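To start, the structure itself, in structure tokens.
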Amino acid sequence: MRVSVQAGCPSCGSPNLALAGTIPSSDLFAGQQLPKPRAGGALYGCRVCHLAFRFPCPSDDELNNLYETGCADAWTNGQARKDWKIAKAWIDERLPVGSSILDVGCFDGGFLNTLGPGYERYGVEIQSRAAEKARSRGVNRIAASYAELANWSDRFDAIVAFDLIEHVRDPANLLAMFAKAVRPGGLVIVSSGNSDAWSWRLLGARYWYCAIGEHISFVNPRWARKISRRVGLAFERSEFFSHTEAGALRKLTEISRNVAYRLAPAMTALARRMGAGGKQARRFPELADYPPSWMSARDHFICLCSKPTI
Ligand SMILES: [Zn+2]
């Protein structure tokens, strides 16, 4: 289906967009319970740059305000994150101890903490309480917003950004800033959801990852390969992973719930109205369509790019 969104693709401006469906409403933002649900809007895909995005989506001021008031431990999930382990292995393999590492969206400094004090550790973080925790762990917070990266050129040995792209209106511009701020020969490592994952394709706009209110942009390794080349980075490799270690029973339960949601959404809506998942679907009927969680799905990717030396 060919549609026109007034301003075109938020990244490349192309009007060549495909409507992928309606995103369910959500009553959470950055781990914070909202007084009433926010409408999810629609999911569009750009046929030119392969970005998928939420439209309409909150203004930058509204987003920043929601992040600032968000939960201080919204994205803290311990030391065992798979993307952190993969990124640490890539950094260990390619860079000497003592290198300068910038984590954009460092939150409470969890990843930089896993590298140890031997590195120069820098962070960008908007949420002041989380940034305070990062500072207490020895992270030098150089900016609150990634927009300030525009002031840096050829500075860092590696720039990492875990689960940041999906929060940014123009991820290609973000990658371009990373390409400028990293030194020649340095590394850029990013992770995000993979919109090409089979679980995602099964549910489209109604996939759990899209329903999370603060997720506004959706990418995949095809996008990363294309955009990294455009901004002057060499795309080297990518890996797929799941954020949640799950046994066979949990995997089967999540698959069953999501297949049922796909094939018989009225069943899920009934369960929601009966209180399943803690949603106030009786008070707010739009929450009855909120998707089941699928945290065990292998629906994330991490990629390694490098900046050529000439
Ligand atoms: Zn585009």
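Since every read-out is calculated from the coordinates, none of them should be taken as a lab result. Keep in mind that this is a model prediction, so the values were computed, not measured. Here the Cβ is made from the backbone with ideal geometry for all residues, glycine too, and neighbour counts use every protein chain on show.
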Taking loop as defined by DSSP and a crowding limit of 16 other beta carbons within 10 Å, which GluC sites (Glu not before Pro) in segment 225-303 fit? Glu245
Cα pair distances in segment 249-289, grouped into 5 Å bins until the bin that holds the longest one, percent each: 6, 27, 26, 22, 14, 4, 1
How many nm is it between the label spots at Glu132 and Ala144, if each spot is 7 Å from the Cα in line with the beta carbon? 1.4
Once both labels are modelled 7 Å past Cα along the beta-carbon direction, what's the Thr22-Ala234 spacing in nm? 4.9
P(r) over all Cα-Cα pairs of segment 131-175, 10 Å bins from 0 to the longest distance, whole percent per bin, short to long, reads 19, 54, 25, 1
In whole percent, the Cα-Cα distances of the chain spread across 20 Å bins from 0 upward as 32, 59, 9, 0
In this structure, among Lys133/Lys251; Lys180/Lys226; Lys36/Lys85, pairs with alpha-carbon gaps over 29 Å are Lys133/Lys251; Lys36/Lys85
Is it possible to state the helix-based mean residue ellipticity at 222 nm for the chain, with each DSSP H run of 4+ residues giving -39500 (n - 2.57), the sum divided by total residues, to the nearest 500 deg cm²/dmol? What is it? -8500 deg cm²/dmol
Summing +1 per Lys or Arg and -1 per Asp or Glu among the other residues with Cβ less than 14 Å from Lys226's Cβ gives +4
Ranking request for peptides 174-181, 262-269: highest mean number of other beta-carbon atoms within 10 Å first, then the rest in descending order. 174-181, 262-269
Rounded if a/c is under 1.5, else prolate if a/b beats b/c, else oblate: with a ≥ b ≥ c from the C-alpha gyration tensor eigenvalues square-rooted, which is segment 121-232? oblate
Convex hull projection area averaged over all views, segment 192-310, Cα basis, nm²: 8.6
